[in-house]
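Some notes on the structure that comes next.
The values are calculated or read from the model by the stated rules, or taken from the named source; none is laboratory data. Worth saying up front: this structure is predicted, and the values here are computed from it rather than measured. Cβ coordinates were reconstructed from backbone atoms using ideal geometry, including for glycine residues, and neighbour counts include every protein chain displayed.
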Amino acid sequence: LFHSHLSALINCGLLDPRECCQRAEHAFHAGDAPLNAVEGFIRQIIGWREFIRGIYWLNMPDYAASNRLHARRALPGFFWTGDTPMNCLAQAIAETRANAYAHHIQRLMVIGNFCLLAGLNPREVQEWYLLVYWDAYEWVEMPNVLGMILWADGGLFASKPYAASGSYIDRMSNYCGACRYKVKKKTGDDACPFNYLY
């Protein structure tokens, strides 16, 4: 769903989720789209999206105060500027600032992973995601941030925190080659911050 850039239009009600699913199904039957792509697209809309909606409506208003890991650190200023020597974060934040959009791997495993590993305050992180992404509406953004990204709800949403070292980011991207930090190092001044936080 995030790949398609339809999420904002669906989340604000300009596109009907059922119609999107029906058109995807029609594309499959017409031979214009492969089954795996159509299945994944439909599952995101009528599966994941509705699951998120249920988490939000069943658990509010208390859900908004979730902080199971007692994370307290303030959101760093570079989240607003992108001015950080960590290339992966600088690039993901720059794309977010330029487009009010980022791929879900950038949202979850680069920006979100840093937030989790650094112990950033869930309310500040949740507010940042709500303010910077054009497809962010509280009912869909809050469970993704508090439940999946930060594990602030203690497992109501996800079975475990989605935490990873710099090795994951290196495998999934080309950020690490141009970074001043060394993804293979775990300690020292030039060690990847994701490694020593992990």
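Overview of values
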read-out	value
Residue that is nearest to Ala152 (Cα to Cα) [pool: residues in the range 19-45 that are loosely packed, with under 14 Cβ neighbours inside 10 Å and either small (Gly, Ala, Ser) or touching a residue at least 24 places away in the same chain (Cβ under 8 Å) (or both)]	Ala37
Residues (polar (S, T, N, Q) and at pLDDT below 95) located in the range 145-172	Ser159
Every residue from the range 46-73 that is in contact with a Ser or Thr (Cβ under 9 Å, 6 or more places away or on another chain) and not polar (S, T, N, Q)	Arg49
Residue under evaluation Gln106, criteria (1) outside any helix (DSSP H, G or I); (2) within 19 Å of Ser173 (Cα to Cα), criterion not met	(1)
Options Arg97, Arg72; residue that is touching a residue at least 24 places away in the same chain (Cβ under 8 Å) and over 17 Å from the mean Cα position of the chain (by Cα)	Arg72
Extreme residue, surrounded by the fewest Cβ atoms within 10 Å (Cβ to Cβ), among residues of the range 168-197 that are under 18 Å from Ala118 (Cβ atoms) and hydroxyl-bearing (Ser, Thr, Tyr)	Thr187
Residues of the range 75-85 satisfying the condition of being of a type in the set (Ser, Thr, Tyr) and either part of a loop (DSSP other than H, G, I, E, B) or surrounded by 13 or more Cβ atoms within 10 Å (Cβ to Cβ) (or both)	Thr84
Among (1) among the charged types (D, E, K, R); (2) in contact with a helix residue (DSSP H, G or I) (Cβ under 7 Å, 6 or more places away or on another chain); (3) not in a helix (DSSP H, G or I), the one test that Glu141 misses	(3)
Evaluation of Cys88 against (1) over 30 Å from Gly54 (Cα atoms); (2) assigned to a loop (DSSP other than H, G, I, E, B) (one fails), failing number	(2)
